[in-house]
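*Asks:* The structure under discussion is supplied below as structure tokens; questions concerning it will follow.
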Amino acid sequence: MVMTNPNDDMLDDLFATARAAAPAPSDDLTARVLADAEAVQPQPATTTAVMPGLWSRMLDAIGGWPAVSGLAAATVAGIWVGVAPPSSVEDMTATFIGDEVSVSLFSTDLLFDEGAWSDG
Amino acid sequence: MNASPDPFAGAPDEALLVAYANGDGQAAAVLTARLLPRALAQATRMLGNQTEAEDAAQDAMMRLWKIAPDWRQGEAQVSTWLYRVVANICTDQLRKRRGVSLDQVAEPLDATPSVAAQMQTQARMTALSEALAQLPERQAQAVSLRHLEGLANPEIAQIMDISVRSVESLTARGKRALVDIMAGRKAELGYGDDEPE
């Protein structure tokens, strides 16, 4: 047999009274909560681009590593032309040292003269 | 019922929280409309005081906003988390009250049919809150979730992160202690010869 404590009834009634309390949030409370939400809301992430270094910017400007290899080849070729100029180029260099030589850029002799390139 | 169209209708609270954390302006309003009434009701039932309950509900919602960016999806439901946070805030508040008469800060709750009835309801809620304040915190939380929020023991176990058996033990001991505490105030609260309202 379970003895019921009369005070249990009182407590149950108190619980029921409390459960009945369901106040609607006031406009003021709602406004406070929304203001809080706005105040601490994370801002959309802004991505700050990292400034690339001088070297990598120069590299990009000329077209990356493939362009660098091309530049290296051209540099080597330029040195070679300077050290051992082909005869057609010798004509051109003569203009810089005083000889008056006229060279046609469109001369087939200049462009297709095998000997000019193969003589080294 | 759809006076104002809800662009997040049907979206789970968790999705709204993620939207809020990603800067969505409307998500906070929808979450507030969904969660604030329940948080306020829970706080009101535990604290029996409107001002304190409003502050507790606001505090709980603030903690929600702050945790939003770090919310671990799929781990807990937002509603479960909020029950726990409100319960913790309220037991903290109850602890601060110990030894302080709530009469000094009690305010009438919302209007009831008559002033006398309103005063008695307020007195009873204040008394219940004062009694809860005398319980160990875990007992107070378990009792309030079980008997004031009407939650099932497995749900309370999840909220409090304890076993169902522990919930049963805490609520049983808590309720017994409350009966003892309230026994001396029976007449004062209108439970003497009168029928309980």
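*Asks:* Among B:171, B:44, which comes first, then next, by fewest other beta-carbon atoms within 10 Å?
*Replies:* Final ranking by Cβ density, sparse to dense: B:171, B:44.
*Asks:* What is the sum of charges, Lys and Arg at +1 and Asp and Glu at -1, for the other residues whose Cβ falls under 15 Å from the Cβ of residue B:71?
*Replies:* -1
*Asks:* Right, next: When each pair of different Cα atoms in chain B is counted once in the 1/r mean, what is the Kirkwood radius in angstroms, to one decimal?
*Replies:* Hydrodynamic radius (Kirkwood, Cα pairs) of chain B is 18.2 Å.
*Asks:* Under 28 Å between alpha carbons, and skipping anything fewer than 8 positions from residue B:186 in its own chain: which lysines qualify?
*Replies:* The reachable lysines, counting only those whose Cα sits under 28 Å from residue B:186, are B:96, B:175.
Bear in mind that the values in this text are calculations on the coordinates, not laboratory data. Worth saying up front: this structure is predicted, and the values here are computed from it rather than measured. When we count neighbours, we look across all protein chains shown, and the Cβ atoms used for this are built from the backbone with ideal geometry, even at glycine.
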